[in-house]
Structure formats: C-alpha cells, structure tokens
Amino acid sequence: MANPHELSQAAHDRLEAELADLRSHGRIDLADRIERAREHGDLKENAEYHAAKEEKAKMEARIATVAQILEDAVVVESGDSHEVMVGSIVGIRYEGDDDDEIEKYLVGSIEERHDDLHVVSPNSPMGTALIGAAAGDKVTYEAPTGTLTVEVVNVD
C-alpha cells in the first residue's frame with residue numbers, strides 16, 4: 001500500500017455506498033440516456049448524445065477514483081483525544097494574527113470534508129506538523145512562501 005487513505009468509518013461507508021450506486025443505478029441510467037439520445041438520429045450533430053457520453057466518462061472516472069481510495073483505505077478511529085489526529089477539526093491561529101482570527105481545518109482526506117471546512121492532508125507539511133499537537137501548542141512548518149508558525153487553539 002503506497003499511500004493509504006485514512007478515512008473515518010462514516011466516510012468509508014459513504015464511499016462504499018456511492019461506489020455501489022454509481023456501478024449500478026448510475027451506469028444503468030446513463031446507458032438509458034445514451035440509448036434515447038441515439039434514437040434522435042445523426043450522432044455527429046447530436047448534442048444530447050455527446051453530453052450523455054461526456055457525463056458517462058466523468059462518472060467512470062469517479063468510479064475509478066472511489067474504487068482506488070477504498071482499495072487503499074485505512075479506517076481510523078477518531079476518539080476524544082485532545083491531540084490532533086486524522087479526523088480532528090482543529091482551530092489554528094497564524095503567528096502575528098489577532099486573537100480572534102481563528103481558522104478551522106479538518107485534518108484528513110478530502111473525502112472527509114463536511115460543513116464547508118477547509119481540509120488539510122495529514123501528509124502535507126502543515127498536517128504533519130499538526131498531528132500530535134494539542135491546544136496551546138505552537139508548530140512550525142515549511143510552506144511555499146517560507147516557514148510558518150501556527151498556534152493550535154482548539155481540537156474537536
């Protein structure tokens with residue numbers, strides 16, 4: 001397993017359900033749409049046919065992506081830890097910002113995203129620095145713009 005995708009049980013279950021739906025209902029529905037569009041005649045100038053084929057290609061790409069994520073998935077338990085771990089929602093303040101300028105991030109896979117939170121990968125420089133930190137800790141990491149320091153304000 002080269003790059004395991006760490007997922008919560010809820011995200012893993014949601015992805016399995018999405019994959020099953022895409023492989024069954026999604027494929028059947030698009031096959032029906034393509035067949036109906038074919039009945040309209042000349043395929044070279046049939047916009048409905050081309051749109052359905054394009055949608056099918058996007059759906060097949062999503063199926064491949066979700067299948068790969070699930071193949072490499074490791075289900076992690078997010079407990080009542082006071083330390084940042086995969087699945088944690090962490091409030092941080094960048095060094096030099098005002099006390100009320102707190103940004104919230106979900107540490108984990110983009111597939112875990114909810115509530116319009118920004119997601120930071122646990123394998124990114126920021127994510128790596130945050131893992132294991134607790135409220136009140138300051139961590140430093142290398143960003144493209146230089147070295148940044150953030151304070152962990154809270155961990156949910």
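Just so you know, all these numbers are worked out from the coordinates, no wet-lab data involved. Please read all numbers here as calculations on a predicted model, not as lab measurements. Heads up, the Cβs are rebuilt from the backbone with ideal geometry, glycines too, and the neighbour counts pull from every protein chain shown.
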Query raised in the report: Just how large is the dipole of the chain about the Cα centre, in debye to the nearest 20, putting +1 at every Lys and Arg Cβ and -1 at every Asp and Glu Cβ?
Result: 820
Query - Separation of alpha-carbon centers, region 1-63 and region 92-112, rounded to whole Å - result: 34
**Report entry** For N154, residues with placed amide H under 5 Å, excluding near neighbours
**Finding:** G91
Report summary line: Highest GNM mean-square fluctuation among E142, E39, E60, for the chain with Cα springs under 10 Å, belongs to E39
Query - From phi via Karplus (6.51, -1.76, 1.60), per-residue ³J(HN,Hα) for region 39-53 in Hz, x at Gly/Pro - result: 5, 7, x, 3, 6, 5, 10, 9, 5, 4, 5, 5, 5, 5, 5
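Please say if region 89-155 is rounded, prolate or oblate, where rounded means a/c under 1.5 for a ≥ b ≥ c the square roots of the C-alpha gyration tensor eigenvalues, and otherwise the choice is prolate for a/b larger than b/c and oblate otherwise?
Oblate.
Calculate for the chain the 222 nm mean residue ellipticity that helices alone would give, adding -39,500 (n - 2.57) per DSSP H run of length 4 or more and normalising by residue count, nearest 500 deg cm²/dmol.
-11500 deg cm²/dmol
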Query raised in the report: Under 17 Å Cα-Cα from K53, which lysines qualify once same-chain neighbours fewer than 8 residues away are excluded?
Result: K44
Report task. Determine which aspartates and glutamates satisfy two conditions relative to K104: a Cα distance under 17 Å, and not lying fewer than 8 residues away in the same chain. Result -> E83, E95, E112, D115, D116, D137, E151, D156
Query - Karplus 3J(HN,Hα) series, Hz, for region 119-133 with 6.51 cos²θ - 1.76 cosθ + 1.60 (x for Gly, Pro) - result: 10, 10, 5, x, 8, 6, x, 5, x, 4, 5, 6, 4, x, 7
Report summary line: Read-out Cα Rg over 2.2 N^0.38 Å, candidates (i) 1.16; (ii) 1.42; (iii) 1.24; calculated match is (ii)
Report summary line: Residues whose built amide H sits under 5 Å from the amide H of E6, excluding neighbours closer than 5 in sequence, are V74
Query raised in the report: Which ³J(HN,Hα) values, rounded to whole Hz and listed in residue order, are derived for region 140-154 from phi using the Karplus coefficients 6.51, -1.76 and 1.60 in 6.51 cos²θ - 1.76 cosθ + 1.60 with θ = phi - 60°, glycine and proline given as x?
Result: 10, 8, 8, 10, x, 8, x, 7, 10, 10, 10, 9, 7, 8, 8
